[in-house]
Each structure stands twice: as C-alpha cells, then as structure tokens.
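Notes to accompany the following structure.
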Amino acid sequence: MKTLRRLVLPVTLLACAGTLAAEVKPVLVIHGGAGVVRAEMTSEVERDVKAALTRAIEAGRSELEAGKPALDAVTKAIVVLEDDPNFNAARGAVFTHDGRNELDASIMDGAAQRAGAVAGVTTVRNPITLARAIMERSKHVMMVGSGAEAFAKTVGITLVDPAYFHTERRWQQLQKTLAEEKAGAALSDYETSRHFGTVGAVALDRTGKLAAGTSTGGMNNKRHGRVGDSPIIGAGTWADERCAVSATGWGEFYIRTAAAHSICTRHALLKEPIAKAAVEVINNQIPRLGGDGGAIALDRDGNIAMPFNTDGMFRAWLDRNGAVHVAIYADESAGTP
Ligand code: ASP
C-alpha cells in the first residue's frame with residue numbers, strides 16, 4: 001500500500017504538471033510605433049497599417065499554434081513589419097540627417113536570458129534576423145556597422161543594396177525637416193524628429209516561455225552613428241522568465257530610464273501588475289524627463305499592457321482566447337483584452 005502510494009503520488013503530480021503546461025494559451029502582442037500624429041492620418045494609411053498588423057499577427061500566430069517557441073513568433077511577426085514600407089523599420093526606415101538608412105534591432109529569449117542586437121547596419125534586409133543570428137550563432141550580444149554586416153554574410157543573412165530601404169515618403173519627411181532647420185524654425189529635437197514607427201513584438205508560447213524583439217530605422221534626421229533604445233537590451237527590448245517588453249518612442253529617454261528592464265523589474269520585485277509597471281515607466285518616469293512614446297508588455301500569465309502617451313500607437317494582439325485585435329488610437333480599446 002505504502003509502495004503504491006509512493007508511486008501514485010509522483011505520477012499524479014506529473015499528470016497535473018502536464019495539464020498545467022498544456023494549459024498555457026499563446027499570446028502575441030505587436031506594435032508599429034507610437035509616433036502616430038492623428039491630424040496627419042488618412043483612412044488609406046489606417047487601412048494599410050491595420051492590414052499589415054493583421055498579417056504580422058497571423059504570421060506569429062501560426063508559429064505559436066504550431067507549438068513553436070515565442071522567439072519564432074516574434075521573429076516572423078517582425079519580419080512582416082520590416083518588409084512593409086508603412087513602418088519605420090527596414091524598408092520604410094527614416095533617414096539620417098545625411099540621407100542614409102541606418103537600422104537597429106534586438107531580440108531576447110526570456111527563459112534563457114539570451115539576447116542579440118545589431119546597430120547601424122545599412123544593407124541587412126531584415127535586421128531582426130541578424131539580431132537573432134548574433135544571439136544564436138555568435139559568442140556576442142551586440143554587433144554594429146560593417147562588422148555586423150560581415151558577420152551577416154558568413155551566416156547567410158540576406159543583404160541588399162541600401163537603395164532597397166529608400167521610400168519617397170520618408171525621403172520627403174527628411175527634406176521637410178531639413179528645410180525647416182534651414183529656415184531657422186525653432187523646433188525642438190522632438191519636433192524635428194517626430195514620426196516614430198519602430199516595430200516590435202512580445203510573445204508567450206505554449207510552454208510558458210516569453211520573448212521580445214524590436215526593429216527600427218531610429219529617428220528622422222538623426223545624426224550618422226546615432227543609436228537609440230531599440231537595439232539596447234534593457235532599454236528598447238527585454239525578456240525574462242516573467243515578463244517581456246518592446247518599446248517605441250524617443251529613444252534617448254528610454255535608454256536613460258532602462259525602460260524595458262525597469263518595467264520587468266517593477267513587475268518582479270515590486271510585484272506590480274504588468275499594466276501598473278508599464279504605465280509607471282512609460283507614462284510617468286519618461287514624460288517627467290521630457291520624453292514620450294509607448295511600449296507593449298506581456299507577463300507569463302498572458303496579461304498585456306500597451307501604454308502610450310502620444311496620439312496613437314499602431315498595435316495588434318492575439319489574446320488568450322485566440323481573438324485578434326487591432327488598434328491605433330487610445331479611444332479604440334481599454335487596452336486589456
Ligand atoms: N525608439 C526609436 C529610437 O529612438 C524610435 C521609435 O520608437 O520610433 O530609435
């Protein structure tokens with residue numbers, strides 16, 4: 001009898017653990033930047049952006065539903081957005097002051113706390129895939145410029161002519177800013193470099209693991225060599241066992257507050273719900289310093305937060321019940337499905 005009990009108990013515990021593990025419902029949240037200026041939006045742009053966000057969510061969702069890791073969902077969703085010229089990442093990236101597209105990206109695997117990041121590349125078609133290759137196929141976490149591009153070549157990442165990233169809309173955006181600067185317009189750094197459109201994703205997979213990733217062209221009219229928060233692990237991107245974040249906004253302030261890491265640390269150590277932790281950093285700490293923007297955050301129970309303090313943040317999410325939501329402005333949803 002004793003032996004039987006000894007056998008039955010562990011088997012029952014194992015069965016329970018198995019049931020619990022199987023109960024994790026995948027969740028995916030993506031953003032396409034918080035630099036939405038409502039007065040400048042047209043219904044065509046809104047329609048195109050929502051269609052692209054839906055495509056990206058579906059790309060990530062099929063990974064999660066096939067039982068693939070959160071990292072795969074994050075990568076797939078971001079590649080869709082990088083390829084879409086409506087967003088400030090890869091094709092459609094903003095221009096530097098001297099007319100180049102310099103791209104940054106990072107990715108983080110929450111369970112293993114592994115990370116990869118790339119900054120200032122000009123020929124990598126999908127910088128998020130290079131960030132992932134740096135994480136998985138090099139001994140490093142971060143690589144920049146020509147060294148990162150040389151590594152990309154050795155691991156078979158697709159390289160393109162820099163002209164591939166050029167879009168007329170972004171070029172005109174730079175020309176307008178340069179003309180305003182020349183006319184001596186008293187614009188703040190923020191005004192000259194508005195229109196964030198960075199893309200990012202956070203995911204929770206069926207095994208309960210989290211991942212986060214972010215990709216960007218940075219800020220319009222940035223100086224050659226400027227690096228924002230997006231490729232900085234802990235600033236623009238963070239994932240650990242309990243929490244995953246991808247940020248978008250005025251990068252300098254996100255670096256100064258270690259924004260993505262701060263959100264997860266508040267959640268873990270102060271035991272703040274993810275929504276409270278995210279709001280504290282994004283809507284209180286960053287604006288207090290003079291910055292703005294938004295973020296998406298996800299905890300291991302599938303709770304979502306999407307705070308922003310701009311006119312809007314392009315965003316979409318697959319909730320725990322398998323429903324997909326897409327939104328741009330604050331009045332479109334309560335933020336928590
Ligand atoms: N955070 C990005 C940067 O500063 C910009 C953005 O989110 O749109 O490079």
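Taking a 28 Å limit on the Cα-Cα distance, which of the listed pairs Lys50/Lys76; Lys50/Lys153; Lys139/Lys209; Lys76/Lys139 fall beyond it?
On the way: Lys50/Lys76 17 Å; Lys50/Lys153 34 Å; Lys139/Lys209 23 Å; Lys76/Lys139 23 Å.
Check vs 28 Å cut-off fails for Lys50/Lys153.
Nearest 10 degrees is fine. How inclined is helix 168-182 to the longest principal axis of the chain, computing both from alpha carbons? Helix 168-182 and the main axis of the chain meet at about 50 degrees.
Where does the chain land at 222 nm, in deg cm²/dmol rounded to the nearest 500, when only DSSP H runs of n ≥ 4 count, each adding -39500 (n - 2.57), divided by all residues?
-11500 deg cm²/dmol
Computed over segment 111-249, the P(r) tail beyond 23 angstrom holds 41 percent of alpha carbon pairs. Here the accessible area of the chain is 55 percent carbon and sulfur, with a 1.4 angstrom probe and all protein chains present.
One-quarter of the Cα convex hull surface for the chain, in nm²? Present the calculation step by step, with values, prior to reporting the outcome.
On the way: hull surface 75.1 nm².
For the chain, the mean projected area of the Cα convex hull comes to 18.8 nm².
Springs join every pair of Cα atoms under 10 Å in this Gaussian network model of the chain, and among Gly290, Gly213, Gly302 the largest mean-square fluctuation is at Gly290.
Would you mind calculating the relative contact order of the chain from Cα pairs under 8 angstrom and at least 6 residues apart, reporting the percent as a whole number?
Values: 876 pairs, mean separation 79.2, N = 337.
Computed over the chain, the figure is 23 percent.
Phi angles of segment 25-34 translate, via the Karplus equation with coefficients 6.51, -1.76, 1.60 and θ = phi - 60°, into HN-Hα couplings of 9, x, 9, 9, 10, 10, 9, x, x, 10 Hz per residue; Gly and Pro are given as x. Listed by chain and number, the lysines whose alpha-carbon sits under 20 Å from that of Lys182, ignoring those within fewer than 8 places in the same chain, are Lys222.
Computed over the chain with a Gaussian network model linking Cα atoms closer than 10 Å, the most mobile of Gly120, Gly208, Gly145 is Gly145.
What's the magnitude of the charge dipole for the chain around its Cα centre, counting Lys and Arg as +1 and Asp and Glu as -1 at the beta-carbon? Answer in Debye, nearest 20.
Values: 38 positive and 38 negative charges, 239 e Å.
Rounded to the nearest 20 debye, it is 1140 debye.
Rounded to the nearest Hz, the phi-derived 3J(HN,Hα) couplings of segment 283-289 under the Karplus curve 6.51 cos²θ - 1.76 cosθ + 1.60 (θ = phi - 60°) are 9, 10, 4, 5, x, 4, 7, where x marks glycine and proline.
Give a quick list of trypsin sites (Lys or Arg not before Pro) in segment 45-144 that DSSP marks as loop, anything other than H, G, I, E or B, with at most 14 other Cβ atoms within 10 Å.
Working: sites: Arg47, Lys50, Arg55, Arg61, Lys76, Arg91, Arg100, Arg114, Arg125, Arg132, Arg137, Lys139; in loops: Arg91, Arg100, Arg125, Lys139.
Counting only loop positions with at most 14 other Cβ atoms within 10 Å, the trypsin sites (Lys or Arg not before Pro) in segment 45-144 are Lys139.
Once both axes come from the Cα atoms, what is the angle between helix 259-269 and the longest principal axis of the chain, in degrees from 0 to 90, rounded to 10? For helix 259-269, the angle is close to 20 degrees.
Between amide H atoms placed 1.01 Å from N, distances below 5 Å from Met143 occur with Ala117, Val118, Ala119, all of them 5 or more places distant or on a separate chain.
Measuring with a 1.4 Å probe in the full set of protein chains, what accessible area per residue, in whole Å², belongs to the chain? List each step's numbers first, then the result.
Working: 14280 Å² over 337 residues.
Ligands and nucleic acids excluded, the result is 42 Å² per residue.
Applying the criteria of a DSSP loop state and at most 10 other Cβ atoms within 10 Å to the trypsin sites (Lys or Arg not before Pro) of segment 262-337 yields Lys271.
The values are calculated or read from the model by the stated rules, or taken from the named source; none is laboratory data. Source: prediction; values computed, not measured. Positions of Cβ are generated from backbone atoms using ideal geometry, with glycine treated the same way; all protein chains shown enter the neighbour counts. Heavy atoms of the whole protein, side chains included, go into the accessibility calculation; ligands, DNA and RNA do not. Shrake-Rupley method; radii C 1.70, N 1.55, O 1.52, S 1.80 Å.
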